[in-house]
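Following: one structure in structure tokens, then a few remarks.
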Amino acid sequence: MCAPCAHLQQADPQHFILRVPLLAAVTAMILLIGLRVAAPVYLALVAAFVVFDLLALFGPARWRPALLARAPGVYALLLLTVWVCALYALPTHPATRMTLLTVVLHTTTLYVFFFVQRPPGVATRRACLTLGAFVVTALPHSWKSLGWQGAFDGVTLPITLLCSHGVLILVLRSFSQARDQLAQEQARARALHELAHRDPLTELYNRRALERDLALAVQNEPSGQLLALIDIDGLKQVNDTLGHAAGDDLLRRFAVGFAQTVKPGGRAYRLSGDEFALLLEGAGPDLAAQVVRDVTREVREVYPLAGASVGAACRRSGETPGAWLSRADQAMYGHKKRLSPPTASSRR
């Protein structure tokens, strides 16, 4: 099933389209009864539309997806049945002309349903098959009524169907292709945006993402958010003794620990090399230190040489992102100097 545009998803177009034949069927039933031209066959077919739509819209939840998926096929079958009955079973009935016009009009809704539900190529084939079925079933009537002057007689009927409905199908195909292309471009843009804001090794957000989020926080959020900068210690020793693959694994373990600990409401970042950052909602400096201690304890079970220095700063009202980041950086280096003995970390 092709991905609709975001506004179509919000509007739920398939459920909207279901309401169109429901409203039309109820209106037709009222007219047939009100005008006293309610043939049993027509009433039965209209009632079938009503029952199907009510079940698809308001029936048991477990039925609705299956009914929705089958709606175009069911509509096509019912409309074609009405079409054949009007042309051959009840050609002289007072309601037949109105019924034929209704079928011609509401088949266009069926085409729209095809293109909402299916990719352009599949929808085009189904719409063309449906149009072909209506034209083929009308040919005997057209042959029989050659020379008659009615709108649904002679060659007028198949030509009208082929021209008007054929053009509509082509237009819908063009719109559907444009919609799919737009959806693909949007998905590609989102993917590129995500790549530009993700660290490939740890899959955390990167420095560019942190700068963006700090700017948004300064613009939109009240003071009280906490920014913590973390410098991983022991990475050089792990690289030198166990290899760079082990060093990468150490960084990934810290990343996983930070990402799991800050949820919900916070974010973890890898800035560069062995530098990480945490952006926490409504937290104090002690929380950041506790998070780093907990994650470091888990990493040391695999890499005993691992450690971490952390500095945190709560955002002050009116403070710029650069000033906030600088205070957190100074706090981190202050903590690093207080460690005894100091542990050198490598910049990768």
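The values are calculated or read from the model by the stated rules, or taken from the named source; none is laboratory data. All values reported here derive from a predicted model rather than from experimental measurement. Neighbour counts run over all protein chains shown; Cβ positions are idealised from the backbone, glycine included. Remember, those area values only see protein heavy atoms, side chains included, never the ligands or the DNA or RNA. Shrake-Rupley method; radii C 1.70, N 1.55, O 1.52, S 1.80 Å.
For the reader, a short list of remarks on this structure follows.
- Principal axis dimensions, segment 80-189 - Cα atoms, whole angstrom, descending: 59, 22, 17
- Cross-link reach is defined here as a Cα-Cα straight distance under 12 Å, omitting same-chain residues fewer than 8 places apart; for residue 263 the aspartates and glutamates meeting it are 281.
- Taking the 1.4 Å solvent-accessible surface of the chain as the whole, the part contributed by carbon and sulfur is 64%.
- Hz values of 3J(HN,Hα) by residue in segment 311-324 - Karplus curve (6.51, -1.76, 1.60), Gly and Pro given as x: x, 10, 8, 7, 5, 9, 4, x, 7, 7, x, x, 5, 4
- Charge dipole (debye, nearest 20) of the chain; +1 at Cβ of Lys and Arg, -1 at Cβ of Asp and Glu: 520
- MRE, 222 nm, helices only [DSSP H, n ≥ 4, -39500 (n - 2.57), over the chain, to nearest 500]: -22000 deg cm²/dmol
- Per residue convex hull volume, Cα atoms of segment 161-290, in Å³: 160
- Under 5 Å, built H, 5+ apart or other chain: amide partners of residue 225: 282, 315
- Selected from 259, 243, 273, residue furthest toward positive end of dipole (segment 207-305; charges at beta carbon): 259
- Cα centroid of segment 237-254 to Cα centroid of segment 302-322, whole Å: 22
- The calculated pair-distance distribution of segment 34-106 uses every alpha carbon pair, bins of 10 angstrom beginning at 0, and gives 19, 46, 25, 10, 0 percent.
- 3J(HN,Hα) from dihedral phi, segment 267-273, Karplus parametrisation 6.51/-1.76/1.60, rounded to Hz, x for glycine, proline: 9, 10, 9, 10, 7, 4, x
- Comparing 160, 66, 134 along the charge dipole axis of segment 30-174, the residue lying farthest to the positive side is 66, per the Cβ-charge model.
- Residue of 197, 335, 165 that the Gaussian network model of the chain assigns the largest fluctuation, springs spanning Cα pairs under 10 Å: 335
- Length gained on full extension, residue 168 to residue 245, computed as 0.36 nm times the residue gap minus the Cα-Cα distance: 21.8 nm.
- Nearest-10 value in Å² for the accessible area of residue 317, using the 1.4 Å probe: 100
- Whole-percent P(r), the chain, all Cα pairs, 10 Å bins from 0: 5, 19, 18, 11, 10, 11, 11, 9, 5, 1, 0.
- Cβ-defined net charge surrounding residue 196, 15 Å radius [Lys, Arg +1; Asp, Glu -1]: +2
- Ranked order, 152, 58 - accessible area, probe 1.4 Å, largest first: 58, 152
- Formal net charge of residues neighbouring residue 186 (Cβ-Cβ distance under 13 Å; K, R +1; D, E -1): 0
- Solvent-accessible surface (1.4 angstrom probe) belonging to residue 118, in square angstrom, nearest 10: 70
- Gaussian network model of the chain, springs between alpha carbon atoms under 10 Å - residue of 230, 33, 169 with greatest fluctuation: 33
- Listed residues 178, 225, 55: farthest to the positive end of the dipole of the chain (Cβ charges): 55
- The chain, accessible area per residue, ligands and nucleic acids excluded (1.4 Å, Å²): 53
- Gained length - residue 300 relative to residue 26, 0.36 nm times residue gap less alpha-carbon distance: 91.5 nm
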